[in-house]
Amino acid sequence: MSGRRTDRSRGAGEGPSGRRCEETPPPAVRAALRRLPALAGRTGDGAGAVELRGLLRTISDYLETLGPADGEHEVQAAVLGDGAVRLALLRLVAAAVRWPVTDADRRLHCASMYTVQELFPGTPRNAPASPAVADFVRKLLRMDTLQCLAKQFTAAAAVAGVLTPLQLDSLGIGAVLAGNLVTFSLAAGIEDGNTADWVRELARALRDSSVLEHASRLLLLREEAAALPSGLAMAPPPYQWDMPFIFLSTYFNATVLYQALAGAASAEAEAVCAALREVLRGPCARHAALVHGVAMLCRADGGPSYALPARLLIAARPQTRTDSSVPGALVICDNSPGALLAMCQEGMPPTRLGRRIAVLLLLRLGRLAVASTATRAQGACSASATGQRPRPPSLQPQQQHRRSGEGNAEAGASGALGPQPSPRPPLLLLSKEDVDVVALATIGTAWSQLQEALALQPDGWASEAGARLWRLVDAAMREGMGADNEQLRLLGSTLSCEFDAVLVEGEPLPPAAPPVFAVALAGGVLPCVERLLRRAGEAPLGPEASFAEGLLQQGTRGPFLAALLAYGEPRQAAALVATLGKLLRGFSSSRPALAVVPAGMPDLVVKCVRGVLLTVLFDRKDRPRSRWMGAGQQHQQLARMISFALCEWLPPLSRLARQWMAADVAPGSDDTWRSLCMSPLICWLPLLACRALVGGSGAVGAADEAAVGAAGARATAAAAAGGWRRFMLEEVAAVPLLTGALRFVQREPGDVAFSDMLALSCCSVAAACLEEVLGAGREGVADAGRPPCADVLFSHVRGRTDPAQGGDAPAAVLASSPPAAPAPTPCPVTAQWRPELLRALAAQLGRRRYGNEAGEALKALAAQLGAWEAGGGDPCKARGEKRWKRLLVALGRLKAARPDMARIAAALLPHAEARALLSTCSYPACANLAGDSEADLRLQSCGKCAAAAYCGRACQAAHWRAGHREACALLRKALEG
């Protein structure tokens, strides 16, 4: 950020008279440039000094009128391209920075530095400086300009209270020159090919000269001396405000350079970072940034001053300007927000107290950024009507800290966490440029500091500050903070980086949420994630979608979302599950034939669902684990949420998988649908089959036993409606899904692990739904008796199988003898799964995990299906032989290889209870994302049957046409009977 003084009231490219400047210097300027080298050595000559000052004034006045449209960079390059002029200016600057600051007449030296200041390109990144300009700046850096300016600041600090306006003006110009030198060197050094040398020289000069330390000390002493005893501050001289502005800008720019080089592994970069770290952590520089930052915050939100002297804070008031978009508001324009952010990032000592102060300051700065954005968004209409500035409803300013004249920083820090007072509008607003710089950076930096504090002290101020931070995140997303989607994605990734450690690998869920996760829950991360997903579903390219992609990044989305379901408020957790299900249904219904996996939001939602469903089944090495299930409260809640998630997620996943398999997928692209949709489906189908076969109460602890008994009537109704077996057959369409998978795997062979899981799914579904696999097609088969293999597969987890007690199937038949055959019914003689497909899949299985057991079961099932077809579709002719015993033995071995899966299946709720966890719109294709949460949608029951409820008239009408008309009539008759 440049500190050049230019007359911004004039239009770009207009001179003092308002006329357009010529592209080449006028004759008077060219004459002054020709005369300048001859007079450069006559600084001590009275007449020569007067003429020299006039020449410099002519040149600087012309340069000040230029803008980018007038060829500013070309003129600067042309002026400095003359070697004689360049040498003359270097001699004048060398004399100016070495002249005693207490000299009575420094007008010539002020003119010299001011002219050189106007030769600095304003935006070297956008328009790289010419070699002549770069050489000029580098020579200024190498001739100890910063060291000499530091000496002048030191001498001035000794007499800070008695400096004259002319001396202050000279010091201000010197500060601008130093700031421009540093700013240009930073930008040009990064742009230049020889970056290491230039940046190393700059870092060494900043450290050796301590120019920031001496400038900040002079600044603080002068501001304290300028403050009157009454607490007011004298009006500064014309250049006095340039000193704090250029100091704050330089401090911020040095921090930017430090952060850009911090990740480099070279020795040169480490040396530069060490030098810059010493500069940034200088006591005076750090204190000056802190004083101006706190003064800015106190003016803006009326918050605590952390025991800093009131007179100093008043004297360090920020530079402001008016804002036409908000009548009566003042906008900060001195870069104090950026300097405060830089001080909290790199200047604060890494101690407990340092982290505490940094977090509290960052939270206040972040709230100010959100409040500034919200105030502008409200517009000037409400302000004109009320005569006051509008205030955002999502934030509350902090309580005014009452100082008694003594206290320390820790006392002030604790005061920042006190109770909130009645709302009051902010006194100051951040500029739009400052909001873009500090808004997202404050959140990321505060979260990094809080993680360290929570690791050392989980309770206390850090927990409360963490909750406030996540509320700030939610407010920032609501106000649409950050126009750069990539920055939002990076912020989300920063916030989620520690969530992967919430669940220690191989360890069961802890009874209480870990500290890092607990503060996020207290701050509302669960409803925030749901709201982000809903807004991203409406605007897939919006900022919420980018932030959600970062927050739910690869590697953390599964454990993070699973922990949200386990530890979050139950109704909010169920609402998150319902929102993900609604998004899935919207994608599957709007994309009837996808040949490739979609990108963007569909990809994110499918991956989130897949991550949760696989996280609770496998560890990171894809080994089955049941550590997520147990008797604790968190385990019980997770089991309930997973049961509800299966109802919401598996049907649209199955629809997507069948669409992708039916599409013309290019060869070699099978990994996409396998990894996204098919993996969770084939991993959970065996558990659903087990749950449908053995029934069970779904209780995972003694506390649930009474609840199961009390819900006997509801469990009976659930069993009558079909339960998990009907769900698996009708909603998931397990048989046609696996039929398509068998055909696809034969055409595009996949990895062994996928083949293993597909084999297990086929065997499990065949055990639970043998008639459907055979192709019987009998009406009401979902309510038929238990399939003949029910007592073999996962028999050791069989619980109560009576539907009145929560089971999904009738009581088991002992396996000591083949069960009686059901009544013969007309059926086709071709099975749904071809025996040759099963044998081909068995041939693909390896010895990994349970491939041998699955292969034997597949061969036995293929033999059984072949016998059934050979018998003309008569089940009686397919049983009672050696093939039947072989199938029983193979399924028993397969069952023994999956004990963890069986324990998870036993923890699932009955299907009807899982459905009842959250009342949602009865229309299956509902895509209403209005509001922030699915739990907040107002549902209206059907006026005729009262069994269905809808979120709006459109869903009710669509469901009526889709089949509710007939169902409603049947329900009314049942109720009347």
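The values are calculated or read from the model by the stated rules, or taken from the named source; none is laboratory data. Keep in mind that this is a model prediction, so the values were computed, not measured. Positions of Cβ are backbone-derived with ideal geometry, glycine not excepted, and every protein chain shown enters the neighbour counts. Areas reflect the complete protein model, heavy atoms only, side chains present, ligands, DNA and RNA absent. Shrake-Rupley method; radii C 1.70, N 1.55, O 1.52, S 1.80 Å.
With a point put 7 Å past each Cα toward its Cβ, work out how far ARG34 is from ALA262 in nm, to one decimal.
5.5
Long-range amide H contacts for LEU909: which residues qualify at under 5 Å (H placed 1.01 Å from N, peptide plane, sequence gap of 5 or more or a different chain)?
SER643
Once R0 is set to 41 Å, what does the formula 1/(1 + (r/R0)^6) return for the Cβ-Cβ distance between ALA925 and ALA843, expressed as a FRET efficiency to the nearest 0.05?
0.50
Using modelled amide H (1.01 Å from N, peptide plane; none on Pro or chain starts), what sits under 5 Å from the amide H of LEU330, excluding residues fewer than 5 places away?
Under 5 Å from the amide H of LEU330 lie the amide H atoms of LEU429, each far enough along the sequence or on another chain.
Using θ = phi - 60° and the Karplus form 6.51 cos²θ - 1.76 cosθ + 1.60, what ³J(HN,Hα) does each residue of the range 606-615 get, whole Hz, x for Gly and Pro?
4, 5, 5, 4, 4, x, 5, 5, 8, 5
Of CYS951, ALA925, CYS968, which is farthest on the positive side of the dipole of the range 920-974, counting Cα position, with +1 on Lys and Arg Cβ, -1 on Asp and Glu Cβ, and the Cα centre as origin?
Result: CYS968, furthest along the dipole toward the positive end.
Could you calculate, for the range 920-974, the ratio of the Cα radius of gyration to the Kirkwood radius, expressed as Rg to Rh?
Rounded to two decimals, Rg over Rh is 0.99.
Which cross-chain or sequence-distant (5 or more) residues have an amide H under 5 Å from the amide H of PHE618, H modelled 1.01 Å from N in plane?
Those qualifying (amide H under 5 Å, at least 5 residues apart or on another chain) are ARG625.
Starting with the highest mean, order 645-652, 51-58 by the number of other Cβ atoms within 10 Å, averaged over the residues of each peptide.
Going by the mean number of other Cβ atoms within 10 Å, highest first, we get 645-652, 51-58.
Mind checking the per residue accessible area of the range 920-974 for me, 1.4 Å probe, whole number of Å²?
In whole numbers, the range 920-974 has 59 Å² accessible per residue.
Sorted by average packing, counted as other Cβ atoms within 10 angstrom per residue and highest first, what order do 107-115, 76-84 take?
107-115, 76-84
Using mean Cβ contacts within 10 Å as the protection proxy, how do 577-586, 155-164, 512-521 order, highest first?
Peptide ranking by packing, descending: 577-586, 512-521, 155-164.
Please state the charge dipole magnitude for the range 920-974, taken about the Cα centre, from unit charges on C-beta atoms (+1 on K and R, -1 on D and E), reported in debye and rounded to the nearest 20.
Approximately 420 debye in magnitude.
Extension gain LEU353-LYS432, at 0.36 nm per residue separation less the Cα-Cα distance, in nm?
This chain segment gains 25.3 nm when fully extended.
How large is ³J(HN,Hα) for each residue in the range 946-960, as worked out from phi by the Karplus curve 6.51 cos²θ - 1.76 cosθ + 1.60 (θ = phi - 60°), to whole Hz, x for Gly and Pro?
6, 8, 10, 9, 9, 7, x, 5, 5, 5, 5, 5, 5, 5, 4
Keeping the other protein chains in place, figure out the carbon and sulfur percent of the accessible area of the range 920-974, with a 1.4 Å probe.
Whole-percent figure for carbon plus sulfur exposure: 52.
Along the Cα-to-C-beta direction of ARG571, a point sits 7 Å from the Cα; which residues of the range 922-938 have their amide N less than 20 Å from that point?
Taking a point 7 Å out along Cα→Cβ of ARG571, the residues of the range 922-938 whose backbone N falls under 20 Å are 922, 929-938.
Within the set of other residues whose C-beta is less than 13 Å from the C-beta of CYS344, count the net charge using Lys and Arg as +1 and Asp and Glu as -1.
+4
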